[in-house]
Structures are given as structure tokens and as C-alpha cells.
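The structure appears below as C-alpha cells.
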Ligand SMILES: Nc1ncnc2c1ncn2[C@@H]1O[C@H](COP(=O)(O)OP(=O)(O)OP(=O)(O)O)[C@@H](O)[C@H]1O
Ligand SMILES: [Mg+2]
């Protein structure tokens, strides 16, 4: 029986044809895979969109809050209210009651009339791409307002939602990020174990701050908060500085940027300014935006110094909103939500995962009338990793920075510095407070030297200790220098450092 298949030539040809067919089939398969993935992503993207953009109308404006009916929007989402003429007013959903939505505007409300149209704003989703995983929005937070972030923002001054205020032209941000971020897994954070040099001797030497630590700066008005923050921003070794100026006077914003931060500080800084004359929502967004920027740089592996002036004004903005939508006031007029929002903001700062970037943060807290028992100051002290207290008495006496070393504490310090250094700090504090307590006696000459050896040593060292704590605005003090300075203070005291 003759069999054509036995011919070796035709077998070879058959194998070739088979291989070619297989290759074509594989190519077709992979193309199909590509298109399938695109189709999947497209349907995923489409599933998030509302088939019909919902719209409603304004029914009431009561002071700060607007009420809208006719649309259902999730809490925290953004919408626009259209006046008869002029640009729409952007607003955020801050609450609801029955069918009514409570909206808080970002800008002012001029020009809105009864029945004005309210439209939902859906943050833009990145278009699907073949072969790339899409950006899925699983959580409500991912649908929050998107703000510009990126390397090119360094040296710029922007408002609470990323509009430039410095007249240096349009922003060209690398990317956008949600104003809110997901809570960080506390187990995933690197511990605070590296010193951050802040360039201020009294802090480096006596209240050492670590990368990822969050500190409070407690003071009344005009005691030197801004200047101290400015010194840190100028002289710190952090790579990026993000400054949030929240609820402060407008004049102070320019002063802080031009005179305090200056050209050297501004080069590696981004400033977010929401001064006192902006609405409360804008002030909350300003603080969230500054934190978002700091998170962006941290996620790029940078060590960031975040300066927030002030946390109290942030709390006050939240109080304005909460009271306006009818939340009952609790402690000194602050509704409970204020005390919930503060840790949410503060917890966003800190270290990233091991080996990554960090956000070291300083929040100023106004202690009105130098009253340390204010509820915001109390709450802040509990959620921060230490506090630096500035006192008016020191400022009035020309002692700058007016840091009250006895009342201030850095809770992470013990793990950061050498035992010798820690001993010297303790010694310093013992002598310093002993002198303070006996000061009146010493001044009137009622103290007889030789009665108390510790006080004798304190009297002898006091002028040098005082000098150690003082620092001019134009002078920087590196960490090493601060440590050796402290060592030198006790060097000629027999057994002084060891005691
Ligand atoms: N390191 C310093 N050296 C010299 N003077 C200083 C120093 N720090 C603060 N001052 C003085 O204190 C004044 C007030 O400082 P600053 O504006 O920083 O205070 P503030 O607490 O930010 O005030 P406000 O509550 O008004 O924001 C300055 O104008 C300056 O005269
Ligand atoms: Mg100030």
C-alpha cells in the first residue's frame, strides 16, 4: 500500500506548515489577549461612571452651608453649583438629612440664586491602555478631589486646591493624587530611628527630632513660631519642605515666603496657602493638600519636612463646618468631629515602609493667652510625638528661639541619641530648673554660695546654658555641632558630664 506521507520531503513540508500555523495562532492569541484586557478595563472604567450625570437644585443657603435637593451624592464628593451668570461655585458634600444634601463651598457664594443647578463632578479616570493594569477605584477615598503633585511644584506657592498664587505661570504637575489617602498600616511603617537635623541648636541638642516624628509647636501669638519654623526650613537636612499656611493672616503668607523662607528655603519647598479669608472648606483642603504633597515626595523616597501653621486654625475650620451643618458643640464649642479629624490628618505624616522616605512634621498649636489647657492643645499633645513650648516671657526678655526647655519634650529622643548625650541633657535640665527655682533668691543676693553644690554649679553654668539655647535667625547649627556644644558645656566640670 503506497503512502504519500512516507515521503520524507512531504513530512518536512508538513512540519513547516504546522509551525507556521502555530506561530500565527499564538500571535492571534496574544492579540486577542491584548484586546480582551482593553475591553475588560474599558468595561471596568465604564462601570464606575454614572450613566446619567445627576443634577439637582439649590433649595437653601444658610450662612455657610448650602442645601440641595434632587440628587444623591456620596459624602465627600465634589459638585458644582451654577449661578445664572458667571463661573460655577465648587462645593463638597459634607452631610445630608433625608433627601437634603448639605454642601460646603470652596469659594464664596456670590451670585447664587434659589433653584441654581447643582451638578456632580466625577474626577477624571485615566483612560484604559492595552497591556496595563487600570487604576481601579475601589474605595470612596479614591474618588475624592484630585490635586496636582510632582517634582515641578518645588519653588511654587499654591492655594488649597492647587491653583498657583505666585504669578510664575501655570503649573505643569507630573501627576494628580487624591486629596485624601488611605490609612497607613501601622505595622508597615519604619520606626523612628534616624535623627533629622533641623538646624536649630536647642532642638538638635536638647529635643532631638527623628525622621518621621510629628511634633507640636505650642505658643501664643507673636512669640516667634513663624521665625522658628523658617529657621528649620532653611537649615534642615530634609530634602523637601512642604509648608501649609492654614488660616493665618494673608499678610503673613507673603512675609513668610519672602523674608522668613527666603530664596534658599524656597528652592526645595512647596507652599500651600489657605489664609484666614478663605472659606473653612478651603482651609481644610489646604491642610490636606500640603499633606498629600508631602506623601507624594515621601513615596518617591525623599525625606520631607512638613510644616503646618496652624493645626488650631485647621480645627477651627472643621468646627465652623460641623456647627454649620448642625453638629452639637461639645468641649468649648468644638464638636466631636473636630477631635476625630485631627488625628486623621496627623497620622498621614510619619515614616513610609522600611528603607523608604519619611515625613517629619511640625504642627503649630495656638495656646491662646498662653493657656496650655485649651482643648485643641490637649488633643494635639495626645496625638503628637512631642511638643516644643514657646513662652512669651522668654521672647520678651529677648531670648530667641523662646523655647521653654523645661516644658518641652521629644518623645522619640531616647531611641535616637547616645546614652552620653542623654545624660548631658538630663544634667542640663536639672541644673537649669534648679537655677530657675532659686532665681529670685539669687537675684536679690539672698542665696549664700556653698550651701547647695548643685545650685552652685547651676549658677556658674547658667550664662553658658542660656547662650547655648539662644540662636540668631541668620545662624544655623548642625546636629554634630549642637552635640559637641553640649559636651563642651560640661567639659571643664569635674565629673559634670558623668553626674
Ligand atoms: N530667632 C529670632 N531672633 C530674633 N528675633 C526673633 C526671633 N524669633 C522671633 N523673633 C521676634 O519675634 C517676632 C514675632 O515672631 P513671629 O512672627 O515668628 O511670631 P509668630 O508666633 O509667628 O506670630 P503670629 O502669632 O503673629 O503668627 C518677630 O517679629 C521678631 O521680632
Ligand atoms: Mg506666625
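The values are calculated or read from the model by the stated rules, or taken from the named source; none is laboratory data. In this text, all values refer to a predicted model and were calculated from it rather than measured experimentally. Heads up, the Cβs are rebuilt from the backbone with ideal geometry, glycines too, and the neighbour counts pull from every protein chain shown.
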Check your understanding: Among (1) within 16 Å of ligand 1 (Cβ to nearest atom); (2) surrounded by fewer than 22 Cβ atoms within 10 Å (Cβ to Cβ), where does residue 268 come up short?
Key -> (1)
Review point. What number of residues in region 433-472 are surrounded by 13 or more Cβ atoms within 10 Å (Cβ to Cβ), modelled with pLDDT of 90 or more and assigned to a loop (DSSP other than H, G, I, E, B)?
Key: 2
Review point. Taking residue 407, is it surrounded by 13 or more Cβ atoms within 10 Å (Cβ to Cβ) and not in a helix (DSSP H, G or I)?
Key: yes
Exercise for review: Kindly check whether there is at least one residue in region 313-323 that is more than 26 Å from residue 76 (Cβ to Cβ) and in contact with a helix residue (DSSP H, G or I) (Cβ under 8 Å, 6 or more places away or on another chain).
Suggested key: no
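Looking at region 187-209 only, could you name the residues that are more than 22 Å from residue 427 (Cβ to Cβ) and away from ligand 1 (no atom under 16 Å from the Cβ)?
Pass one, region 187-209, residues more than 22 Å from residue 427 (Cβ to Cβ): 187-194, 196-199.
Hits for region 187-209 are 187, 188, 189, 190, 191, 192, 193, 194, 196, 197.
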Practice item. Considering only region 254-281, state which residues are under 21 Å from residue 361 (Cα atoms), under 20 Å from the mean Cα position of the chain (by Cα) and away from ligand 2 (no atom under 14 Å from the Cβ). Key: 265, 266, 267, 268, 269, 270, 272, 274
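Of the residues in region 234-254, how many are more than 23 Å from residue 161 (Cβ to Cβ) and within 16 Å of ligand 1 (Cβ to nearest atom)?
Just the residues of region 234-254 that are more than 23 Å from residue 161 (Cβ to Cβ), to begin with: 234-239.
When the remaining residues are screened for being within 16 Å of ligand 1 (Cβ to nearest atom), the result is 234-236.
Of the residues in that region, 3 qualify.
Do you know which residues across region 297-314 are away from ligand 2 (no atom under 16 Å from the Cβ) and either buried (at least 24 other Cβ atoms within 10 Å of the Cβ) or on the phi > 0 side of the Ramachandran plot (or both)? So that I can check it myself, show each step before the final result.
Kept after step one, since they are away from ligand 2 (no atom under 16 Å from the Cβ), are these residues of region 297-314: 297-306.
Listed by number, the residues that qualify are 297, 298, 301, 304, 305, 306.
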Review point. Can you find a residue in region 356-369 that is modelled with pLDDT of 90 or more and surrounded by fewer than 17 Cβ atoms within 10 Å (Cβ to Cβ)?
Key: no
Exercise for review: Report those strands (runs of 3 or more DSSP E) wholly inside region 1-92 carrying at least 1 residues which are closer than 30 Å to residue 278 by Cα and modelled with pLDDT under 90.
Suggested key: 55-62, 78-82
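Within region 217-242, how many residues turn out to be within 15 Å of ligand 2 (Cβ to nearest atom) and touching a helix residue (DSSP H, G or I) at 6+ places or on another chain (Cβ under 7 Å)? Spell out the reasoning first.
Let us first name the residues in region 217-242 that are within 15 Å of ligand 2 (Cβ to nearest atom), namely 217-233.
Adding the requirement that they be touching a helix residue (DSSP H, G or I) at 6+ places or on another chain (Cβ under 7 Å) leaves 217-220, 223-224, 226-227, 230, 233.
Qualifying residue count for the region: 10.
Surrounded by fewer than 13 Cβ atoms within 10 Å (Cβ to Cβ) and assigned to a loop (DSSP other than H, G, I, E, B) - does that describe any residue in region 214-223? It would help to see each step written out before you state the result.
Our first condition is that a residue be surrounded by fewer than 13 Cβ atoms within 10 Å (Cβ to Cβ); within region 214-223, this holds for 221-222.
Subset that is assigned to a loop (DSSP other than H, G, I, E, B): 221-222.
Within region 214-223 (the criterion being surrounded by fewer than 13 Cβ atoms within 10 Å (Cβ to Cβ) and assigned to a loop (DSSP other than H, G, I, E, B)), the answer is yes, since at least one residue qualifies.
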Revision key, fill the gap. The condition from (1) surrounded by fewer than 21 Cβ atoms within 10 Å (Cβ to Cβ); (2) part of a loop (DSSP other than H, G, I, E, B) that residue 238 misses is numbered (1)
